[in-house]
1. So is B:ASN143 surrounded by fewer than 20 Cβ atoms within 10 Å (Cβ to Cβ) and outside any helix (DSSP H, G or I) or not?
2. Please determine whether any residue of the stretch A:102-111 is touching a Gly at 6+ places or on another chain (Cβ under 9 Å), in contact (Cβ under 8 Å) with a residue 12 or more places away in the chain and within 16 Å of DNA strand D (Cβ to nearest atom).
3. When you look at B:LEU116, is it within 19 Å of B:ALA215 (Cβ to Cβ) and at the interface with another protein chain (Cβ under 10 Å from one of its Cβ atoms), yes or no?
4. Collect the residues in the stretch B:146-191 that are hydroxyl-bearing (Ser, Thr, Tyr) and assigned to a helix (DSSP H, G or I), keeping them in residue-number order.
5. Can you find, within the stretch B:56-90, the residue that is nearest to the other protein chains (Cβ to nearest Cβ) among those that are open to solvent by 40 Å² or more (accessible area, probe 1.4 Å) and hydroxyl-bearing (Ser, Thr, Tyr)?
6. Taking the conditions exactly as written (among the aromatic types (Phe, Trp, Tyr), at the interface with chain B (Cβ under 10 Å from one of its Cβ atoms) and out of contact with any helix residue (DSSP H, G or I) (no Cβ under 6 Å at 6 or more places or on another chain)), does A:TRP172 satisfy them or not?
7. Could you please find all residues in the stretch B:78-100 being in contact (Cβ under 8 Å) with a residue 60 or more places away in the chain and either farther than 19 Å from A:LYS174 by Cβ or within 16 Å of DNA strand D (Cβ to nearest atom) (or both)?
8. Consider the stretch B:91-113. How many of its residues are open to solvent by less than 10 Å² (accessible area, probe 1.4 Å), facing chain A (nearest Cβ under 9 Å) and over 16 Å from the mean Cα position of the chain (by Cα)?
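The values are calculated or read from the model by the stated rules, or taken from the named source; none is laboratory data. Since the structure is predicted, the reported quantities are computational estimates derived from the model, not experimental observations. Positions of Cβ are backbone-derived with ideal geometry, glycine not excepted, and every protein chain shown enters the neighbour counts. Note: accessible area is taken over every heavy atom of the protein model, side chains too, but ligands, DNA and RNA are not part of it. Shrake-Rupley method; radii C 1.70, N 1.55, O 1.52, S 1.80 Å.
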Number of protein chains: 2
Amino acid sequence: MLKTRVPFEFSLSDQNGDLLTAPVQPVSLVNFVAERFRRSVINGSLKPGEEINESQLAERMSVSRGTLREAIRILVGEGLLEKLPNRKARVRTLSPTKFWEIMTTRAIIEGFAARLLAQRLTPEKLARLNEIWEQIYRAAEANDRALFSDWDFAFHQAIMEMSGHELLLETWSKISAWILLMFATQEHTSADMMPNALNHKKIIEAIATGDPEIAETKLKTDLLDQPEYQRFAQAQTASAECIAAPPSDGQK
Amino acid sequence: MLKTRVPFEFSLSDQNGDLLTAPVQPVSLVNFVAERFRRSVINGSLKPGEEINESQLAERMSVSRGTLREAIRILVGEGLLEKLPNRKARVRTLSPTKFWEIMTTRAIIEGFAARLLAQRLTPEKLARLNEIWEQIYRAAEANDRALFSDWDFAFHQAIMEMSGHELLLETWSKISAWILLMFATQEHTSADMMPNALNHKKIIEAIATGDPEIAETKLKTDLLDQPEYQRFAQAQTASAECIAAPPSDGQK
DNA sequence: AGTGTTGGATTGTAGGACAATCCAACACTA
DNA sequence: TAGTGTTGGATTGTCCTACAATCCAACACT
């Protein structure tokens, strides 16, 4: 088989114009495979609970088993796969409880990031948020569900990045695959998009006040008031006050 | 070389009496090596910035390069090592900024866990906290720094575990190596231990009130008021209000 | 001082080998 | 029939060897 490595890969949506000066990131085959895993889980070709046969999959992907195993280690670290010794790796399942956990974790992480961002806001950062918001709005207008999700994700990612808190960003990144998965599984009607878009504007305004308390609270309540959270969280009222009340479901 | 696997490993300090019914966890060699890495970083035999030569270290540890590489992947996922393609893995360094990041991240995670725990507190959980506290107190009395750190860590870990929020626990676990590293690097005088022990009692009391707000706030302020945080965070006043003010240092 | 060039060290990946483990199916026994 | 051995194939865990790709520092050139 081909023994050459995947040399370089640029995320094509590289927003900032300074493509030239931006650090070039070589991508190893292992990372490439890991990314494929993420996408496969997110787009549903790898279903929750599905097991992974190393030799078989390695051959189908035309990579060595070692390479595949390393990729699996990464995904396990990110929580997308689970693995017990001597047993196949499995795609983790997304139960209502897990859903609640993801949303609350996001809430405290993004809430804190918003607090930081509010304190360190610069005109450039604000401009960037507004740019992304434009795209969100446009996607909502165009009724483009996939595009809307992409920019929605980008919005939250931007907040995390601009908060300047590296560890928090890392932590957020590790659960971001779950976030994407949730985006993918929510069956919004087109009616949901526009109010959602307008709400993002309110988030920007909350951050723009410069008041850390307002910014943090806005992000927190916002994440926990999402309809899909409500749906999964069953009878729970998901206000900021009730942030700590998990849904009580039997299945893990 | 030896081709047999490391069969099973029990954490000897397995508190709960039902050793028999508890699930048996086989440990792969990769995990064993990963654990060695963690300990080495924490006890200082692997110094921050130090680079890792795969073949060399693999031979010295009597494991194959593949096994070592998988272990490295795990540690990279936990953030203890950093790795760029085609370059050696390196032990990440703990700058003042990083220190601030760890403490604030802990604060929001543990704070939220305390909130949950306050709401779901049972007599058994409370008893467990008090048991651990006994050990903390005893270690402080005996002036045993290492023992104190161990039980201090166990205390916080117990809060995370008993909060019942799996994802939060996972997230916390991933940065726990950093926490241990901080414990290891703080050069407390013996005088610091007893007040610290007594303060842990106050944490228990805050949780025992059952008021999520009180519990969360107590944990948050507590983590950010630690002397070692103050030391690293330089001129910052680390009250709950100033939670979001990072130290401004040049070196990353 | 700035820019080619080169060789050795190291990482990235493949692929084969085999022991250890698991699991499901079957056989046996009370 | 329920419970308990037994067994063989499938799969994972680990090691090994091999070599291409990459990096880096040292040297040479201009």
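1. Spelling it out, B:ASN143 is indeed surrounded by fewer than 20 Cβ atoms within 10 Å (Cβ to Cβ) and outside any helix (DSSP H, G or I).
2. no
3. Yes, satisfied.
4. Of everything in the stretch B:146-191, those that are hydroxyl-bearing (Ser, Thr, Tyr) and assigned to a helix (DSSP H, G or I) turn out to be B:SER149, B:THR171, B:SER173, B:SER176, B:THR185, B:SER190.
5. Applying the filter and picking the extreme gives B:SER64.
6. It is false that A:TRP172 is among the aromatic types (Phe, Trp, Tyr), at the interface with chain B (Cβ under 10 Å from one of its Cβ atoms) and out of contact with any helix residue (DSSP H, G or I) (no Cβ under 6 Å at 6 or more places or on another chain).
7. Selection gives B:LEU94, B:SER95, B:PRO96, B:THR97, B:PHE99, B:TRP100.
8. Matching residues across the stretch B:91-113 total 1.
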